[in-house]
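Down below is the structure, laid out as structure tokens.
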Amino acid sequence: GGYAVRLSDAVLRYPLDAPKTSIQKQSDRPPAGTAHAVDDALPLPMLRKLQVAFGADSTFWKGHTYRCGASPFFSYVHRLDEPPRCSLDRVIKRLQKHAAEAFPLVKAATRAEWWAHCRPHHTGHQLHFDSDDEGRGGVRHPIASCVLYLSGGVGGPTLITEQHAASRPPRLAAAGWAVHPHENRAVIFNGSLLHAVIPGRGSPTADDETGGRGALKRRVSLMVAFWSSIRERPGEVPASARPFPYEAASSPANDFGDGGGILSARNSWPRLFDWPPGEDEGGEGGLLHRSNAASTTSTSKPASNAFWRVEPIWEPVSKHGDVKLPMSMPAYEQCFQGF
């Protein structure tokens with residue numbers, strides 16, 4: 001009984017600043033087919049639209065009765081084999097292009113599934129695999145998953161381990177790679193890898209309209225998984241793999257007589273993703289939040305130096321050192337993650 005291993009100090013006491021390029025070894029970077037990062041992933045006007053849509057006080061969260069760490073998982077599915085029908089389709093197409101640079105099979109993906117999170121600085125997400133319907137009815141993984149950070153300076157890094165769900169024999173990961181959240185950074189990784197969000201250390205440094213201010217600062221992120229196929233699951237309440245509500249995105253508001261409550265928010269949030277295509281890169285209504293922004297366009301660039309190698313992932317709990325790492329797979333409840 002009890003714990004056999006715990007997350008290592010290398011994981012939980014991560015460096016507050018990413019390693020400098022000049023001291024980073026090529027071997028410290030994720031190998032091809034593991035993980036890839038792109039900075040300035042979206043044009044700034046498109047990014048700002050998303051920052052409004054997923055801002056800490058957005059109706060999106062109210063409409064889903066979202067509570068970080070307590071809400072059931074919910075996601076939406078979009079087709080990639082037809083022309084864009086709303087603004088979010090265009091966002092996803094851009095992220096697909098970035099993902100396909102590192103994972104060519106993403107070019108042939110037919111579906112994209114997205115979800116989002118708005119986390120306080122000290123909140124993490126335990127190690128997990130991305131899977132269809134959270135693994136019910138058999139485990140299937142996406143081709144690749146993408147994290148787009150809509151805020152920076154809030155929350156801890158994303159940790160991507162070398163552990164595959166189908167590894168045989170199954171063993172705990174010995175190492176992985178971490179990357180800090182940075183506004184407009186997209187991190188793409190193999191969809192079958194174990195990964196996590198590590199709780200933030202110290203105090204957040206962000207002070208923008210998306211991350212919030214003071215105690216309300218949040219780590220805001222949009223996740224997109226690219227699938228060769230995934231079954232949509234229609235339903236009335238938020239849940240896994242719902243079809244995106246295109247009709248609601250383009251329809252007039254309906255307050256349901258609840259004075260702007262949950263029902264109104266649930267009906268109105270899709271309209272947050274109905275801006276005109278001309279505003280993706282500027283144009284009328286495509287104003288930036290920050291008056292000192294120098295440009296309305298994005299020149300994306302690889303950010304491989306944003307990663308640093310993390311080793312070990314786990315440390316034995318035993319004071320006598322009789323647990324050797326890497327070790328065969330212990331029971332989940334024997335692995336202490338500390339959050």
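Looking at region 73-97, I want the residues that are more than 19 Å from residue 232 (Cα to Cα) and have a partner that is among the aromatic types (Phe, Trp, Tyr) with Cβ atoms under 7 Å, at least 6 apart or on another chain. Which pairs are those?
Qualifying pairs under 7 Å: 87/273; 87/275; 96/226.
Among the residues that make up region 65-80, is at least one of them of a type in the set (Gly, Ala, Ser) and either in contact with a Leu (Cβ under 9 Å, 6 or more places away or on another chain) or at pLDDT 95 or above (or both)?
yes
What tally of residues in region 156-170 results from selecting those that are out of contact with any Leu (no Cβ under 8 Å at 6 or more places or on another chain) and either over 25 Å from residue 92 (Cα atoms) or open to solvent by 10 Å² or more (accessible area, probe 1.4 Å) (or both)?
5
Tell me whether region 168-175 contains one or more residues that are assigned to a strand (DSSP E or B) and in contact (Cβ under 8 Å) with a residue 60 or more places away in the chain.
Checked against the condition, which is being assigned to a strand (DSSP E or B) and in contact (Cβ under 8 Å) with a residue 60 or more places away in the chain, region 168-175 yields at least one hit.
Yes/no matrix, rows are residues, columns are (1) modelled with pLDDT of 95 or more; (2) open to solvent by 50 Å² or more (accessible area, probe 1.4 Å); (3) closer than 30 Å to residue 198 by Cα:
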| site | (1), (2), (3) |
| --- | --- |
| 237 | no, yes, yes |
| 250 | no, yes, no |
| 257 | no, yes, no |
| 280 | yes, no, no |
| 283 | no, yes, no |
| 303 | no, no, yes |
| 334 | no, yes, yes |
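For region 125-141, name all the residues that are under 23 Å from residue 39 (Cβ atoms) and open to solvent by less than 40 Å² (accessible area, probe 1.4 Å).
Narrowing region 125-141 to residues under 23 Å from residue 39 (Cβ atoms): 125, 130.
130, the sole residue that qualifies.
The values are calculated or read from the model by the stated rules, or taken from the named source; none is laboratory data. Model, not experiment: these values are computed from the prediction. Don't worry about glycine lacking a Cβ; one is built from the backbone with ideal geometry, like all the others, and counts go over all protein chains shown. Ligands, DNA and RNA are excluded from the accessible area calculation, which covers all protein heavy atoms including side chains. Shrake-Rupley method; radii C 1.70, N 1.55, O 1.52, S 1.80 Å.
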